[in-house]
Amino acid sequence: MFKVENATGGYGKTTIIRDVSLTVASGEAVALLGRNGVGKSTLMRFITGLIPAMAGHVEVDGKRAPVSPAKRARMGLGYVPQGRFVFPRMTVIENIHVAAETNGYSGKEAVADALEEFPLLKPKAHDLAGGLSGGQQQILALARALALQPRVLLLDEPTEGVQPSLVDEMAGILKRINAERGIAILLAEQDLDFCLSIAGRAYVMEKGQIRMETDREKLRADKDLQQELLGV
């Protein structure tokens, strides 16, 4: 079980998210929806420890997460940030190897697993990450996060700048990872169809708070709600 309790935080003296609470059960996939600027990315950064908490905390399997982002990663939080942030001057192999070794796992095994899991990366294995397309970088960022052997995978706008054919492939990868490995997923995204192809339920954010929790069927059926909360 992954839990966020009363998360309040922001940047400097500016509060962006207020009293945000949510849960993701072991092996569950949950969407975090909302328009641009509602606080989804800030919440992700709160969860990973990249911004200080004004109030609230994060728990993984009943244990409170430490302050350090590195220690949170070792606790089982894998993070794919918006914009990907791969190491551009390292090769695909080096990106994955470094991530695994930093978290105490075998870099060689992580690379072998990643190239098997993501065939798209095989012909690019020795290429610099900065030369990859946006979609290829997104797949690499996902592979790098999985090299940490996470219990919870956090994805922030993973379809941004990715061509449609790779969006469909990414959805298939995430569904397979969730089903076969039992990794819980929290997916912050504006692409409703992408989210609902993966997640069984969703939290909808508005003005830095959780406006509502709903399930896939209700959200898919309610076009007025989609327009009001998501602008779709």
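Each reported figure results from applying straightforward, stated rules to the coordinates on display, with no laboratory input. Note that the structure is a prediction, hence the values are computed from the model and not measured. So basically every Cβ, Gly included, is an ideal-geometry build from the backbone, and we count neighbours across all protein chains shown.
In plain terms, the residue of ARG64, ARG211, ARG89 with the fewest other Cβ atoms within 10 Å comes first and the most crowded comes last, giving ARG89, ARG64, ARG211.
Output the relative contact order of the chain, whole-number percent, from Cα pairs under 8 angstrom with separation of 6+ residues.
Values: 461 pairs, mean separation 66.1, N = 232.
Relative contact order, the chain: 28 percent.
Going from the fewest other Cβ atoms within 10 Å to the most, the residues PHE2, PHE118 appear in the order PHE118, PHE2. In the stretch 59-169, Cα pairs under 8 Å separated by at least six residues give a relative contact order of 39 percent. The stretch between LEU225 and THR23 holds 70.5 nm of extra length on full extension. This uses 0.36 nm per residue minus the Cα-Cα distance.
The lysines whose alpha-carbon is closer than 27 Å to the alpha-carbon of LYS40, local same-chain residues fewer than 8 away aside, are LYS3, LYS13, LYS63, LYS71, LYS175, LYS207, LYS218, LYS223. For LEU33, neighbours were defined as the other residues whose beta-carbon sits under 13 Å from its Cβ, and their charges (Lys and Arg +1, Asp and Glu -1) total -3. With contributions of -39500 (n - 2.57) from each DSSP H run of at least four residues, the per-residue ellipticity at 222 nm computed over the chain stands at -10000 deg cm²/dmol.
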